[in-house]
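The values are calculated or read from the model by the stated rules, or taken from the named source; none is laboratory data. None of these values were measured; they are calculated from a predicted model. Every residue, glycine as well, gets a Cβ built from its backbone with ideal geometry; the counts of neighbours run over all protein chains shown. Note: accessible area is taken over every heavy atom of the protein model, side chains too, but ligands, DNA and RNA are not part of it. Shrake-Rupley method; radii C 1.70, N 1.55, O 1.52, S 1.80 Å.
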Amino acid sequence: MSSSAAVLCVLLPAAAAAFGMVVGRSRSWARDWAVAGTAGALVAAVVELVGVLRDGPVHSVRFLGTLDTGVTVLDLDLRADTLSATVAVAVALVAACVQIYSSAYLDGEGTPEAPTRYRPYAATVSMFTAAMMVVVHADDLLLLVIGWEVMGLSSYLLVGHHSERPAARAAAVKAFLVTRVGDLGVMLALVVLLTGAGTTSVSGLVELAERGELGGGTVTLAALLLLAGVAGKSAQFPLHTWLPDAMEGPSPVSALIHAATMVAAGVYLVARLLPVFLAAEVALRVAACIAAVTMLGAALAAVAQDDFKRLLAYSTISQVAYMLAGVAVATDAAGAGPGVFHLLSHATWKAMLFLIAGCLAHLVGGSTLMADYSGLRRARPWLAGLLGVGLASLAGIPPLGGFWSKEAVLSAAEHAALHGGGWTAWTVLVAGLVTSLLTGLYAGRAWAVIAGGDPDLGIARTDRDPHPDTGGHGHHLPAAMSVPLVLLAIPSVLVGLVLLDPPEVLAEVEISPVTALIGTLLSLAGIGWALNAPRRGFLDVADALPERQRAFLRDGYRLDDVQDALVVRPVRRLAARVAAADRDVVDGAVRGTVVLTRWGGVRLRRAQTGLATGYLVWVFAGAALVGLAGVVLS
């Protein structure tokens with residue numbers, strides 16, 4: 001049962017993508033295929049999970065057959081176990097909610113500024129979902145890389161959906177190029193493992209690593225190369241800069257890419273190959289350092305954001321760093337549980353927050369600035385309530401899902417620090433606790449600005465006056481946009497109950513009471529700091545920052561300028577020189593043959609006098625030269 005369900009998790013959204021692109025221009029038909037494909041994948045994922053829990057894992061599910069590389073034969077198979085099944089459920093749930101939500105969110109397209117592109121959009125979301133399902137279920141790294149690259153292509157198309165906007169086009173190109181840098185590491189790791197270990201099978205590599213039969217140089221190099229791909233796909237320092245700009249895409253795209261799919265793929269890869277990384281201790285130490293720097297730096301940047309979606313983007317970077325940290329401090333092959341648990345928890349409430357951001361933008365005519373949403377608690381109490389649930393989960397307030405998963409990561413770091421994990425485990429623990437304070441600060445700030453604020457200047461005004469500056473949207477939220485919020489809120493609140501009878505992948509998750517208390521108090525302190533800002537004369541706690549420092553944080557430490565100076569401009573100069581060489585040397589040589597041929601033709605034409613005696617002179621002269629050459633050379 002679980003074998004067939006795993007295959008259907010991939011094939012159903014893939015079929016929806018294929019049919020959605022060829023069924024003609026009917027929007028309703030494309031919507032039905034898109035929703036049915038992801039809903040079917042959700043059912044298949046649940047069936048897979050039930051089958052795995054009942055009958056155990058299936059390590060080889062026939063899928064694309066075999067591939068003879070000349071070095072070895074690769075089995076491009078899938079696998080079904082508790083890790084793949086639980087992540088597949090989260091992916092399918094978010095994807096189904098996104099497809100339902102998008103059918104109403106994109107209903108306003110069709111103007112000259114935003115031409116109707118719902119059909120290819122819905123098909124691309126389905127293709128993205130199928131690609132992520134391949135990554136989740138692949139039992140061979142080559143098959144995983146295929147899904148990995150299709151995700152990259154799909155994200156490029158989705159982020160650039162509003163291609164009529166230069167900013168959206170630039171964001172799509174940036175996301176594609178930055179993630180390609182990391183993907184090169186995955187490709188090279190594939191080659192290293194194929195030549196050094198003789199296989200790219202996930203099951204085979206895990207078995208070799210557990211037996212200690214992977215060569216030290218091979219496993220270390222491969223693990224470090226894979227980390228480059230993780231940093232790119234999961235938006236970790238220093239390859240995180242693409243994700244805030246990707247907010248130019250539609251809000252449901254942000255919910256899909258930044259909640260349970262693309263940014264989680266890198267962490268999933270480390271969790272899937274954890275025994276390989278455990279055999280390369282230096283790689284896990286590097287991963288822990290990357291996670292510590294990223295979670296703290298991104299949280300600081302989030303504090304200064306004025307744009308709600310960019311705040312959520314930096315929050316995603318920080319929370320994915322928590323996931324990576326939860327895996328990086330693992331001491332055995334079963335230690336991926338905390339990171340995976342945070343991945344599953346984060347998927348629900350972060351997707352809900354991004355969809356709420358889309359609802360707020362819909363209500364005010366497209367703006368994503370938090371100041372334009374002020375007064376939400378008075379104007380839309382139910383939407384403000386859901387926003388509160390999402391932000392409280394983000395801050396890790398008990399008993400919501402974010403509390404259990406975040407504290408599981410911090411508890412794993414504490415356990416590693418106290419049991420020989422070394423300075424990296426202490427670094428992760430301290431960075432995680434400080435990040436808890438900052439997360440509470442920016443989550444509380446978002447609540448204070450959006451739910452509170454002056455209702456006469458925010459969302460309540462658009463309810464009273466839905467006119468030109470609000471895009472004519474007014475105060476209506478379609479059911480297709482409201483229902484997915486409720487569907488995602490339920491697991492956001494109740495996901496902690498899974499620890500009462502955890503599946504195998506979460507069996508090692510433990511909560512340390514001391515660390516949980518400290519983390520919660522720090523989060524509450526951050527929230528309280530933000531909510532008490534008006535007593536200090538600031539509506540927004542970020543206003544207390546000096547403008548220069550706030551701008552520095554808001555611009556993401558100006559790392560884009562650094563990348564532009566160190567990478568973009570040198571590459572452009574090199575490209576200009578290559579283009580000039582191609583124009584002046586290669587093309588010049590081609591043009592030169594034309595000139596030379598014409599010149600030679602003119603000269604030879606002058607030798608055609610029409611006199612036979614003249615021709616005989618040339619013949620004898622030639623014969624004399626040939627004879628002289630023969631004598632000299634002999």
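Key figures
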{"read-out": "For the range 170-231, convex hull of alpha carbons as volume per residue, Å³", "value": "72 Å³"}
{"read-out": "Estimated D of the chain in µm² per second, where Rh is the Kirkwood radius over Cα pairs and Stokes-Einstein applies at 25 °C, 0.890 mPa s", "value": "93 µm²/s"}
{"read-out": "Highest-first arrangement of 128-136, 581-589, where packing means the average Cβ count within 10 Å", "value": "128-136, 581-589"}
{"read-out": "Cα long-axis angle, helix 337-363 against the chain (0 to 90 degrees, to the nearest 10)", "value": "90 degrees"}
{"read-out": "FRET efficiency for residue 564 and residue 1, using Cβ-Cβ distance with R0 set to 51 Å, rounded to 0.05", "value": "0.45"}
{"read-out": "DSSP-assigned coil residues among trypsin sites (Lys or Arg not before Pro) in the range 23-79, each with at most 14 further Cβ atoms within 10 Å", "value": "25, 62"}
{"read-out": "Percent RCO, i.e. relative contact order, over the range 1-80, from Cα pairs under 8 Å lying at least 6 residues apart", "value": "36 percent"}
{"read-out": "Per-residue ³J(HN,Hα) for the range 434-444, Karplus 6.51 cos²θ - 1.76 cosθ + 1.60, θ = phi - 60°, Hz, x for Gly and Pro", "value": "5, 5, 4, 4, 5, 5, x, 5, 6, 5, x"}
{"read-out": "The chain - accessible surface per residue (Å², probe 1.4 Å)", "value": "41 Å²"}
{"read-out": "Fraction of the pair-distance distribution of the range 271-336 above 16 Å, Cα-Cα pairs, percent", "value": "48 percent"}
{"read-out": "Viscosity 1.002 mPa s, 20 °C: Kirkwood-radius Stokes-Einstein D of the range 97-220 over Cα pairs, µm²/s", "value": "128 µm²/s"}
{"read-out": "In degrees, nearest ten, helix 262-272 long axis to first principal axis of the chain (Cα)", "value": "90 degrees"}
{"read-out": "Ranked order, 208, 369, 360 - accessible area, probe 1.4 Å, largest first", "value": "369, 208, 360"}
{"read-out": "Relative frequency of Cα-Cα separations exceeding 12 Å in the range 309-355, percent", "value": "61 percent"}
{"read-out": "Overall Cα dimensions of the range 247-290 - principal axes, largest extent first, Å", "value": "41, 20, 9"}
{"read-out": "Net +/- balance of residues flanking residue 127 in space, Cβ distance below 13 Å, scoring K and R +1, D and E -1", "value": "0"}
{"read-out": "Between the range 513-545 and the range 550-580, the Cα center-to-center distance that results, in Å", "value": "36 Å"}
{"read-out": "Semi-axis lengths, Å, the range 1-75, gyration tensor of Cα atoms, sqrt of 5 times eigenvalues", "value": "29, 21, 5"}
{"read-out": "Heavy-atom accessible surface of the chain: percent carbon and sulfur, 1.4 Å", "value": "68 percent"}
{"read-out": "Quotient of C-alpha Rg and 2.2 N^0.38 Å, computed over the range 172-307", "value": "1.13"}
{"read-out": "P(r), alpha carbons of the range 41-171 - 10 Å bins starting at zero, rounded %", "value": "12, 33, 29, 18, 7, 1"}
{"read-out": "Potential lengthening between residue 549 and residue 584 on full extension [0.36 nm per residue; Cα-Cα distance subtracted]", "value": "7.8 nm"}
{"read-out": "Efficiency of FRET between residue 62 and residue 181 - r from beta-carbon atoms, R0 30 angstrom, step 0.05", "value": "0.30"}
{"read-out": "Spatially close lysines, pair count over the chain: Cα under 18 Å, gap of eight or more or interchain", "value": "5"}
{"read-out": "Between 0 and 90°, nearest 10: helix 587-606 axis offset from the chain longest Cα axis", "value": "20 degrees"}
{"read-out": "Estimated translational D of the range 521-634 in µm²/s (Stokes, Kirkwood radius over Cα pairs; 4 °C; 1.567 mPa s)", "value": "56 µm²/s"}
{"read-out": "The range 541-607, Cα convex hull volume normalised per residue, Å³", "value": "79 Å³"}
{"read-out": "Spherically averaged projected area in nm², based on the convex hull that wraps the Cα atoms of the range 229-353", "value": "6.6 nm²"}
{"read-out": "Pairwise label distance in nanometres, residue 626 with residue 577, each label 7 Å out on the Cα-Cβ vector", "value": "4.9 nm"}
{"read-out": "Ranked by how many other beta carbons lie within 10 Å on average, peptides 479-492, 84-97 from highest", "value": "84-97, 479-492"}
